[in-house]
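Structure, as structure tokens:
The values are calculated or read from the model by the stated rules, or taken from the named source; none is laboratory data. Small disclaimer: the values here were computed from a predicted structure and weren't measured. FYI the Cβ positions are ideal-geometry reconstructions off the backbone, even for glycines, and counts take in every protein chain you see. The accessibility values were calculated without ligands, DNA or RNA, using every heavy atom of the protein model including side chains. Shrake-Rupley method; radii C 1.70, N 1.55, O 1.52, S 1.80 Å.
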Amino acid sequence: MSGQNYRLVRRGGVGRRTAPVLDEHQRAVVDHESGPLLVLAGPGTGKTTTIVETVVDRIERRGVDPERVLVLTFSRKAAGELRERITGRLRRTTRTPLALTFHSYAYALLRREAVLAGEEPPRLLSGPEQLLEIRRLLHGELEDGARHWPPGMRELLKTRGFAEELRDFLSRAAERGLDGEALVHLGREHGRPDWEAAGLFSFRYQDRFDLDPVPSLDYSELIREAAGLLTDGEVRRRERDAYDVVLVDEYQDTDPAQEYLLQQLAGEGRDLVAVGDPDQSIYGFRGADVQGILRFPERFRTRDGREAPVVALRVCRRSGPALLEASRRVASRLPAVPAPASAGGR
């Protein structure tokens, strides 16, 4: 376990975790009353422990129903580990998962709303399925002369590598709310015929799946569609009423579409705790935007319009002083982070 270790106690053959000793900064996060809060947590500062104890505090001390707590993270493994640690501390299981990936939450929302509307739930396209369809469409365009593509790129259309690059490009565009029309416009505005061609291709790609009797979505479209669904007032009200608190782990790895989804779900001063470290933002190639965590305080304001407070976890339990000092020298060359407050809450 990272950060802080729990002490395991055996009782009746079953292991249970006792409460860890929190430092003052972790305690400030756990005691945060309500509203948005950004927690800056470097390696070894007890980030996961703080998330777990915040959830446990809401349930055991404040009496929040476990089903009204939502923890979002980025991988199934991380979600599973969070669920295990939370239920271990609560010493009981819960009827619904407390921790989900962004994509699991988005799919559950789309599926539930489709069922309520009497429609077929969407089908999630796997990466290989999506790549196969892109290659098939590119092959068809080559046979038709590939007239929408710059002449110098036509040989590239035959390769798997180009199909993968095109898939990733369209995914990153979708995460930023850019559809085919926007890509065509940007291509013409900036003299990028390749962007324009990709935008025109995206129309044909989408038309292919519009013919399916069951809606088909890839992973980037999944988040965008769920966020769009939450702009419906009735759906947004229903989802907001379902949760008393939302926590997000590894917030530095969010992309614009995920941030927009969170604004719809937990914005306007609602109870949202985001935990991350801008110095650990390494997934830019997947669409992550470090500006999300850097600008969290101004984008998720309190109900009275003030910027969200910031708490920094300052006690490192993993690295010695020399390693910590070296990492800080490297981090000092990276983009500046929001100035942390000395205490949490308002």
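Need one value: the accessible area of Ser126 in square angstrom, 1.4 angstrom probe, rounded to the nearest 10.
40
Quick one: pull the percent of accessible area on region 10-168 belonging to carbon and sulfur, 1.4 Å probe, ligands and nucleic acids left out. Could you put the intermediate results ahead of the total?
On the way: 4000 of 7970 Å².
The computed percentage sits at 50.
In a shell of Cβ-Cβ distance under 13 Å around Ala106, excluding Ala106 itself, what net charge do Lys and Arg (+1) and Asp and Glu (-1) give?
-4
With a 10 Å radius around each residue's Cβ, average the other Cβ atoms per peptide and rank 150-163, 128-141, highest first.
Averaged packing, sorted descending, gives the order 128-141, 150-163.
Classify region 43-116 as rounded, prolate or oblate, taking a ≥ b ≥ c as the square roots of the eigenvalues of its Cα gyration tensor: rounded when a/c is under 1.5, otherwise prolate if a/b is larger than b/c and oblate if not.
oblate
Counting only heavy atoms of protein chains, what accessible area per residue, in Å², does region 190-240 have with a probe of 1.4 Å?
On a per-residue basis, region 190-240 sits at 49 Å².
Sort 80-87, 217-224, 186-193 by the packing proxy (mean of other Cβ within 10 Å over each peptide's residues), most packed first. Write down the numbers at each step before the final one.
On the way: 80-87: 18.6, 217-224: 22.1, 186-193: 13.0.
Descending mean neighbour count gives 217-224, 80-87, 186-193.
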